[in-house]
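> Sharing a structure below in structure tokens format, with a few things to ask.
Bear in mind that the values in this text are calculations on the coordinates, not laboratory data. Here the structure is a predicted model, which means the values were calculated and not measured. Positions of Cβ are generated from backbone atoms using ideal geometry, with glycine treated the same way; all protein chains shown enter the neighbour counts.
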Amino acid sequence: MKPVSRFPYRTRLIAGISAAGVLLGSLVGISLAQVPKTQIYDTKTRTWIAYDSRKARKYYAANGQVPEAFRKQVVVFRTAEKPGTIIIDGNQHFLYLVKGAGQAVRYGIGVGRDGFGWAGIVRVGRIAEWPTWTPPAEMVARDPNAVKFAGGMPGGPDNPLGARALYLYEGDQDTIYRIHGTPEPWSIGLNVSSGCIRMNNDDIVDLASQIEVGAKVIVLMQGASLYKGV
């Protein structure tokens with residue numbers, strides 16, 4: 001796979017940041033009502049257009065995959081973090097797996113919807129294949145559809161965690177956040193989750209095969225709450 005440097009994608013950022021060069025501390029004190037929304041480049045009209053759930057579903061139905069920017073690709077990426085580190089740019093909807101030598105594998109992701117974004121430095125506490133999904137008590141309380149799965153939903157193609165899950169820990173404590181697959185691949189590139197980072201199943205399987213328990217995960221998101229303890 002050859003490195004690429006094209007970025008046919010953007011979001012409108014109030015104060016531009018990039019995963020390659022921003023410090024987590026620069027996010028402290030920023031208070032924004034909403035996370036910037038996704039835009040994609042329309043080659044036919046040569047304009048940037050809003051990419052919402054309706055358009056995402058339509059695009060996926062027509063093409064069987066997400067827009068090119070959200071597909072796995074090797075990119076130029078300079079960072080002082082060691083290979084094996086995961087850096088998440090929530091605003092741009094990208095997850096980077098640092099490979100070293102100025103390169104990273106970039107994957108498209110779905111992130112937390114308005115009010116559910118977060119930022120911080122955590123680690124991969126464990127990795128599960130076709131994991132059981134147990135909605136947290138807060139979700140069960142607010143979402144009637146989650147009530148029937150309060151005791152856990154077995155892993156499988158319809159499970160919200162998809163084919164793999166990386167469980168994110170702060171120290172020895174489970175944060176309840178995950179990087180996981182999804183049965184809704186059209187949702188990659190959108191602000192859709194309750195705080196977890198979602199990837200299409202092929203991508204999360206690929207990522208999980210290259211990650212070790214203990215791997216550092218840096219989550220950047222403009223306007224998000226900092227995770228407790230970071």
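> What number does segment 78-157 give for Rg over Rh if you use C-alpha atoms and the Kirkwood radius? All intermediate terms of the calculation are to be shown ahead of the outcome.
Values: Rg = 16.3 Å, Rh = 15.4 Å.
That ratio is 1.06, to two decimals.
> Moving on. Pull up all non-local amide H partners of Arg164: gap of 5 or more, or a different chain, and H-to-H distance under 5 Å with H placed in the peptide plane.
Result for Arg164 returns Trp130, Gly181.
> Something else about it: Which residue, Gln210, Gly120, Gly110, has the largest displacement toward the positive end of the dipole of segment 106-230 when charges sit on each Cβ (Lys, Arg +1; Asp, Glu -1)?
Gly120
> What's the extension gain from Lys216 to Arg113 if we count 0.36 nm per residue and subtract their Cα-Cα distance? The partial results should precede the final answer.
Values: separation 103, 0.36 × 103 = 37.08 nm, distance 2.36 nm.
Full extension from Lys216 to Arg113 adds 34.7 nm.
> Let me ask something else about it. What pairs in Lys58/Lys148; Lys37/Lys216; Lys82/Lys216 have C-alpha atoms more than 19 Å from each other?
Details: Lys58/Lys148 30 Å; Lys37/Lys216 27 Å; Lys82/Lys216 9 Å.
Distance filter (> 19 Å) returns Lys58/Lys148; Lys37/Lys216.
> Determine ³J(HN,Hα), in whole Hz, for all residues of segment 64-74 in sequence, where each value follows from phi through the Karplus function 6.51 cos²θ - 1.76 cosθ + 1.60 and θ = phi - 60°; x replaces Gly and Pro.
Values, residue by residue: x, 7, 7, x, 3, 4, 9, 8, 4, 7, 8 Hz.
> Quick check on packing: order 66-77, 207-218, 141-152 by the mean number of other C-beta atoms within 10 Å, highest mean leading.
Details: 66-77: 18.8, 207-218: 15.9, 141-152: 11.7.
Packing proxy ranking, top to bottom: 66-77, 207-218, 141-152.
> Is segment 110-181 rounded, prolate or oblate when judged by the Cα gyration tensor, a ≥ b ≥ c being the square roots of its eigenvalues, rounded requiring a/c under 1.5 and prolate requiring a/b larger than b/c?
oblate
> Just grab the label-to-label distance for Ala62 and Asp158, each label 7 Å out from Cα along the Cβ direction, in nm (one decimal).
It works out to 3.0 nm between the two label points.
> R0 = 35 Å: FRET efficiency of Thr134 with Glu81, Cβ-based, nearest 0.05? Walk me through the numbers before you get to the answer.
Working: r = 31 Å, r/R0 = 0.89.
Calculated value: 0.65.
> In nm, what is the difference between 0.36 nm times the number of residues separating Arg71 and Gln173 and their Cα-Cα distance?
Working: separation 102, 0.36 × 102 = 36.72 nm, distance 3.19 nm.
Full extension of this stretch gives 33.5 nm more.
> What's the local net charge at Arg78, with K and R +1, D and E -1, over the other residues with C-beta under 15 Å away? Could you put the intermediate results ahead of the total?
Numbers: positive: Lys82, Lys99, Arg106; negative: Glu81, Asp89.
Local net charge: +1.
> For segment 117-230, what class follows from the C-alpha gyration tensor (a ≥ b ≥ c being the square roots of its eigenvalues): rounded when a/c is under 1.5, otherwise prolate if a/b is larger than b/c, else oblate? Before the final figure, lay out each step's value.
On the way: a/c = 1.39, a/b = 1.14, b/c = 1.22.
It comes out rounded by the Cα gyration axes.
> In terms of Cα to Cα distance under 16 Å, which aspartates and glutamates are near enough to Lys44, apart from those fewer than 8 places away along the same chain?
Within the straight-line cut-off, Lys44 pairs with Glu68.
> Now for a separate question. Using the crude model of +1 on Lys and Arg Cβ and -1 on Asp and Glu Cβ, and no other charge, please compute the dipole size for segment 72-151 relative to its Cα centre, in debye to 20.
Values: 10 positive and 6 negative charges, 55 e Å.
Approximately 260 debye in magnitude.
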